[in-house]
Amino acid sequence: MNNLLFPVLSILSDGKFHSGEMIAKHFNVSRVSVWQAISEAEKLGIEIFSVRGKGYSLSHSVQFIDEKKIKQSIGEMASCFNIKVFDVIDSTNNFLMQEAPKGYPHASCVATNIQTNGKGRRGRQWQSSLGENLTFSFLWRFTKGAAALSGLSLAVGVSLIRSLKKVNMDQALLKWPNDILIKDDEVYKKLAGILIELQGDMDGQSAAIIGIGINLELSKNQITKIDQPAIGINQCVEEKINSNEFLGIIIKDLAEVLAKFESNGFEYFQDEWQSYDALQDQAVSLNLRDGENISGRAKGVNNSGALEVITEDDGIKTFSSGEVTIRKVE
Ligand code: BTN
C-alpha cells in the first residue's frame, strides 16, 4: 500500500479542498507522489474530487477510526479489551477467522477504516466505504460448545439496539434473525447487519467471530450498490455521531450481553428482543435454504431464538434459519 495514502486522506478528512502543492509541501514530497496516493485512494473506491485551481477534496468529511479514541470512550474497562484498528483490510471477519485458532485474545475488537471485501450473510457481499460505515469484528471465546449458542446472533442484535438507544436512535428495530432496521417514509431500511462465524467443537469450547457493519452516512454512490433500502445513522439524528465514541459504547454493551448470554442463554433476552421486533404480527414470507417458501404471520421468537410463524393452515411452525420478507397483503 502507498505509504502516503492515509496521511493524505487525513489532510482531506475535513471534506475541504487542499491543493496538491500544499499537501506535497506538508509532507516534503513531490506533487507526483501526492497524485499517486490520490490514485491509490480512488482504486480503493474512495470518491475524491479534483478541481483545477482548488486541489483535491473528499466528497464528505471523515472521522477516522482510532484505537486511542475508542479506548477513551470505553474508559476504565479499556484494559479488558484488545483493540486493533486497520487502515485497510479485506474483511475483519476473515482476519479473526485466521487469527482466532492461533490464540488471538478473547474480547478482541478488530475495526477498519476501509474494508475491501466485506462478507454479508448468505454468501453476499457487504458494501462499505471510508467514513460511511462502522466496520468491525469482535472475538468472544465461550466455554460452551457451538451447540449451546443458539440465539447468539439475536442477543447481539439486542446489544446493538441498546447501544443505538444511547446515541438517541430509539427508533431502531430488529428483523429476525438480526438485521437492524429503521422505518423511514413507511419503508423499512437496513441500518446494520451482523454476521457470526463460529469455530471450535459443538460441545467443547468455541469462539464466535461477531462481524458488525453499521451504516453511518451513506453516499448516493454507495446506496446504488446496496441491493435493498438502506439508511445511515447520520441521516436519522440531528448531530452527527462520533464513531469512535459509539464504537466504545458498542464494545462495552457487547461484552455485558455476551457474558450474560454465556450464563443464561438467549432466554434471558427473549422479551427484550420481542419488544424491538419489526415483524411482530406482520404477514411474512420465509425463504428456506432448500428454496421452499413459507407464508404466514410472524409471531416473535421462542426461547432459543427460532422464529415462530402462524402458517395459512393455522399451525405454528418454528424456523431456526431462513430469509424473511414482509408481504404486502391486498
Ligand atoms: C449482513 O449480511 O447483514 C451481515 C453483514 C456483516 C458485515 C460485517 S462488516 C465487518 C465484518 N467483516 C465482514 O467481512 N463482515 C462483517
Discussion item. So the check is Cβ under 7 Å with 6+ separation or different chains; which pairs have a first residue in region 86-107 that's farther than 15 Å from Trp140 by Cα and a second one that's assigned to a helix (DSSP H, G or I)?
Written reply: Asp87/Phe6; Ile89/Phe95
Worksheet item: Any idea which residue in region 70-127 is farthest from the ligand (Cβ to nearest atom), counting only those that are basic (Lys, Arg) and surrounded by 15 or more Cβ atoms within 10 Å (Cβ to Cβ)?
Response: Lys71
Item to complete: Answer with yes or no whether Gln228 is within 16 Å of the ligand (Cβ to nearest atom), within 21 Å of Thr112 (Cβ to Cβ), polar (S, T, N, Q) and modelled with pLDDT under 95.
Response: no
Discussion item. With the requirement that a residue be more than 16 Å from Gly131 (Cα to Cα) and without any contact (Cβ under 8 Å) to a residue 12 or more places away in the chain, what does region 22-42 give you?
Written reply: Ala24, Lys25, Asn28, Ser30, Arg31, Val32, Ser39
Item to complete: Could you check, for region 35-45, whether at least one of its residues is outside the structural domain of Asn113 (by TED's automatic domain parsing), touching a strand residue (DSSP E or B) at 6+ places or on another chain (Cβ under 7 Å) and within 22 Å of Ile214 (Cβ to Cβ)?
Response: yes
Discussion item. Here are the criteria: (1) modelled with pLDDT of 95 or more; (2) surrounded by fewer than 17 Cβ atoms within 10 Å (Cβ to Cβ); (3) within 30 Å of Asp90 (Cβ to Cβ). Tell me which single one Lys260 does not satisfy.
Written reply: (3)
Worksheet item: Does Val257 meet the test of being part of a strand (DSSP E or B) and within 21 Å of Leu154 (Cβ to Cβ)?
Response: no
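So that you can scan it fast, the table gives a plain yes or no per residue for (1) surrounded by fewer than 24 Cβ atoms within 10 Å (Cβ to Cβ); (2) without any contact (Cβ under 8 Å) to a residue 12 or more places away in the chain; (3) basic (Lys, Arg); (4) within 12 Å of the ligand (Cβ to nearest atom):
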residue: Gly131; (1), (2), (3), (4): no, no, no, no
residue: Ser137; (1), (2), (3), (4): no, no, no, yes
residue: Thr143; (1), (2), (3), (4): yes, no, no, no
residue: Ala146; (1), (2), (3), (4): yes, no, no, no
residue: Ser150; (1), (2), (3), (4): yes, no, no, no
residue: Ala155; (1), (2), (3), (4): no, no, no, no
residue: Ile161; (1), (2), (3), (4): yes, no, no, no
residue: Lys165; (1), (2), (3), (4): yes, yes, yes, no
residue: Asn168; (1), (2), (3), (4): yes, no, no, no
Worksheet item: Name the residues in region 9-45 that are assigned to a helix (DSSP H, G or I) and aromatic (Phe, Trp, Tyr), would you?
Response: Phe27, Trp35
Practice prompt. Considering only residues that are near the ligand (Cβ under 9 Å from one of its atoms) and among the hydrophobic types (A, V, I, L, M, F, W, C), look in region 197-221 and name the one that is surrounded by the most Cβ atoms within 10 Å (Cβ to Cβ).
Written response: Ile212
Practice prompt. Kindly list the number of the only condition in (1) away from the ligand (no atom under 16 Å from the Cβ); (2) farther than 28 Å from Leu307 by Cβ; (3) part of a helix (DSSP H, G or I) that fails for Ile241.
Written response: (3)
Practice prompt. Would you check which residues across region 61-75 are over 18 Å from the mean Cα position of the chain (by Cα) and at pLDDT 95 or above and list them?
Written response: Lys68, Lys69, Lys71, Gln72, Ser73, Ile74, Gly75
Worksheet item: Here is a list of conditions, (1) closer than 30 Å to Met22 by Cβ; (2) part of a strand (DSSP E or B), and Trp140 meets all of them except one; can you say which number that is?
Response: (1)
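The values are calculated or read from the model by the stated rules, or taken from the named source; none is laboratory data. It should be emphasised that the depicted structure is a prediction, and the values quoted were computed from it without experimental measurement. When we count neighbours, we look across all protein chains shown, and the Cβ atoms used for this are built from the backbone with ideal geometry, even at glycine.
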